1. What pairs come out if I take residues in region 120-145 that are assigned by TED's automatic domain parsing to the domain that holds ALA74 and pair them with residues that are of a type in the set (Asp, Glu) and crowded, with 23+ Cβ neighbours inside 10 Å whose C-beta lies under 8 Å away, six or more apart or interchain?
2. If you scan region 308-329, which residues turn out to be under 19 Å from ALA64 (Cβ atoms) and either in the same structural domain as ARG62 (by TED's automatic domain parsing) or not polar (S, T, N, Q) (or both)?
3. So which helices (runs of 4 or more DSSP H) are wholly in region 151-240 and hold at least 3 residues that are modelled with pLDDT of 90 or more?
4. Does TRP111 satisfy being in a helix (DSSP H, G or I), assigned by TED's automatic domain parsing to the domain that holds THR177, within 24 Å of VAL194 (Cβ to Cβ) and more than 18 Å from the chain's Cα centre (by Cα)?
5. I'd like to know if region 210-219 contains one or more residues that are surrounded by 18 or more Cβ atoms within 10 Å (Cβ to Cβ), within 14 Å of ALA74 (Cβ to Cβ) and of a type in the set (A, V, I, L, M, F, W, C).
6. PHE54 versus (1) surrounded by fewer than 16 Cβ atoms within 10 Å (Cβ to Cβ); (2) touching a residue at least 60 places away in the same chain (Cβ under 8 Å): which is the lone unmet condition?
7. Going through VAL83, VAL92 one at a time, which residue ends up being under 14 Å from the mean Cα position of the chain (by Cα), buried (at least 16 other Cβ atoms within 10 Å of the Cβ) and at pLDDT 95 or above?
8. Quick one: what pairs do we get from region 212-241, first residue free of Cβ contacts under 8 Å to residues at least 60 places away in the same chain, second not in a helix (DSSP H, G or I), C-beta under 6 Å, 6+ apart or different chains?
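The values are calculated or read from the model by the stated rules, or taken from the named source; none is laboratory data. This is a predicted model, so every value here is computed, not measured. No Cβ is skipped: glycine too gets one built from the backbone with ideal geometry, and neighbour counts run over all protein chains shown.
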Amino acid sequence: MNVRVPAQVLESLLIPVSALLAALLLFGIFLACLGNDPLAVFHSMVRGGFGSAFAWRNTLERAAPLMLTALCTALPAQLGLIVIGGEGALVVGGVSAALAGGLAFEDQTPWLAIAAMLIAGTAAGGAWIGLVGWLKHYRGINETITSLLFNYIAIALMNHLVTGPWRDPASLNKPSTRPVGSAHMLGDMPGLGVHWGLALALALCLVCYTVFRQTTFGFAVRIAGGNPRAARLAGLPVGLLTLITCFWAGAAAGLAGSIEVAAIQGAANASLAAGYGYAGILAAFLARQNPLAVIPVALILGGISASAGLLQRSHHLPDAAVLMLQGIIFITILSSETCYGRLQPWLDSRRRA
């Protein structure tokens, strides 16, 4: 049976793939100018991200927070909002989770302490981006600028707390909050060696896709994003939809911060601001703001990030090389936006011919 893929689906696949290939070509030219063999570097990137069981574990651990911070941008985009505050929501969520974990008693049930950390981080991140949505809808303040400034406020707040009132006296060289304790850490999934945060991230991506693409709530959000005035005339509560969506988006990034504390760091410190929030913006745009497409995109970006150490050892490239590649990808993805709607008629004409 001959199955014909709709031209719109082909367009949504061909354009981002072409943009990604263009980014790799530009990065290859940059590598050649530095005297490196581009093919050898790309081979090392694949090997460093996906070439072994250890590489896969490293990639999956990096992909989990990327999925969640990507949702922080992808969900408000359904409303037509450009929110880039995933880094701040992650930091706030991580600090809140560390506080909840530090207040837990040693004899407390581990799963209860873990649940308290996850809930605290999720709620804090949701409130952080929810405030961005409130300022946008009720005060008309640009959400992109607000969320960007909130990133710096969150990092400054974290630095104040971990070096001041919440600092653990035992943390000398690297100021941190009180450790949550090994008994209250989020364990690994059996047989994978990857923490349960990956499962939470995958589940949330699936839930967000179902809610925002397959339900009446998601349809109402898209209507409000497409034409707020028509949505109000139809009786849709645009303000409430904005607050719920922004809270949900921030909650995803806050969950990423709480997972970093509960599964990896064990405390809140400067390592929380590792750039996952900014990389999540790239993941969201590369996935075309689709919560389901965020999953493979996060895996690719996680693999690129995981290969940084191997590139440094094998090709004497700095860690910033992968950041440069991510920047080039972001530029090509933004540039490819003008191609949408133009490739589809050409594909239809080729089929008719």
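1. VAL132/GLU143; GLY133/GLU143; LEU135/GLU143; LYS136/GLU143
2. ALA308, GLY309, VAL322
3. 197-214, 216-226
4. Details: in a helix (DSSP H, G or I): yes; assigned by TED's automatic domain parsing to the domain that holds THR177: yes; within 24 Å of VAL194 (Cβ to Cβ): yes; more than 18 Å from the chain's Cα centre (by Cα): yes.
Yes; evaluated as a whole, the condition is true for this residue.
5. Scanning region 210-219, I find at least one residue that is surrounded by 18 or more Cβ atoms within 10 Å (Cβ to Cβ), within 14 Å of ALA74 (Cβ to Cβ) and of a type in the set (A, V, I, L, M, F, W, C), so the answer is yes.
6. Only one criterion is unmet by PHE54, namely (2).
7. VAL83
8. ALA220/LEU236
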